[in-house]
Amino acid sequence: MNCIVCVACVPDTASVIKIGPDGAIDETGIKWIVSPYDEYALEEALQLTEAKGGEVTVVTYGPDRAEAVLRDCLARGAHKAIHIAGGEGTLGDSFTIAKVLAGAIKDQPYDLILTGFKGVGTDSGQVGQMLAEILDIPHVGNVTTLEVGDNSLVAGREVEGGRETVECPLPALVTCQKGLNEPRYAALKGIMAAKRKPVEKTE
């Protein structure tokens with residue numbers, strides 16, 4: 001079971017955001033982290049590969065600071081990381097971000113792609129679905145339960161007035177919602193190991 005997890009590098013939700021004189025965010029003193037909903041995607045991928053074998057590859061599109069986010073994912077247990085450099089001018093441009101991610105992912109071996117259901121910051125919730133459409137694979141959004149078989153998956157999600165269950169074939173993409181699992185923290189052993197793991201860089 002090979003999983004690809006798309007993660008976004010965002011300011012810590014506890015950070016105080018200030019606007020600089022140029023109208024952009026003043027990044028002084030800001031801690032950058034994995035977008036919280038992407039943590040559910042990463043944890044689900046780790047649990048799946050621990051149960052079924054395979055590898056977890058994390059992918060991000062962003063400036064140099066995004067490498068620290070990939071290192072965090074490697075420290076939690078991801079096997080590989082791909083850093084697509086750039087992204088400074090694409091904040092909020094979901095379609096461009098999806099196209100860039102698709103370009104990096106299309107030649108990678110995968111059974112399942114996981115993302116957070118939205119990125120903290122822009123809150124658009126569009127990249128995952130656009131990515132699936134570009135790759136021409138089925139997708140299920142806002143997933144809170146997930147069972148993955150050899151050739152298909154069954155996902156559950158909250159809908160107005162109840163729950164919905166969706167079944168689809170693999171490969172597929174799911175966007176993950178709070179409640180799917182409880183994300184793990186990186187242990188010291190994982191943090192030390194992550195320093196030695198290579199991060200593939202592309203543009």
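The values are calculated or read from the model by the stated rules, or taken from the named source; none is laboratory data. Small disclaimer: the values here were computed from a predicted structure and weren't measured. Neighbour counts run over all protein chains shown; Cβ positions are idealised from the backbone, glycine included. Areas reflect the complete protein model, heavy atoms only, side chains present, ligands, DNA and RNA absent. Shrake-Rupley method; radii C 1.70, N 1.55, O 1.52, S 1.80 Å.
What to note about this one:
- Å² of accessible area per residue within the chain, as computed with a 1.4 Å probe and no ligands counted: 51 Å²
- Net charge contributed by nearby residues that have their C-beta within less than 12 Å of K80 (K/R +1, D/E -1): -1
- Global form of region 81-194, assessed from the alpha-carbon gyration tensor, a/c cut-off 1.5: rounded
- Dipole magnitude of the chain about its Cα centre (Cβ charges: Lys, Arg +1; Asp, Glu -1), debye to nearest 20: 660 debye
- Of all lysines in the structure, those lying under 19 Å Cα to Cα from K99, and not within fewer than 8 positions of it along the same chain, are K118, K201.
- Fraction of antiparallel bridges per DSSP, the chain only, in percent to nearest 5: 40 percent
- In Hz, Karplus ³J(HN,Hα) per residue of region 118-126 (6.51, -1.76, 1.60; θ = phi - 60°; x = Gly, Pro): 7, x, 5, x, 8, 6, 7, x, 10
- With the charge dipole of region 74-119 set up from +1 on Lys and Arg Cβ and -1 on Asp and Glu Cβ about the Cα centre, the Cα lying farthest toward the positive end among the listed residues I82, F117, G103 is that of F117.
- Across the accessible surface of the chain, with the other protein chains kept in place and a 1.4 Å probe, carbon and sulfur atoms take up 49 percent.
- √(5λ) per eigenvalue of the Cα gyration tensor, the chain, largest first, Å: 26, 20, 17
- Region 146-196 shape via C-alpha gyration tensor axes, a/c threshold 1.5: oblate
- Charge dipole (debye, nearest 20) of region 1-116; +1 at Cβ of Lys and Arg, -1 at Cβ of Asp and Glu: 140 debye
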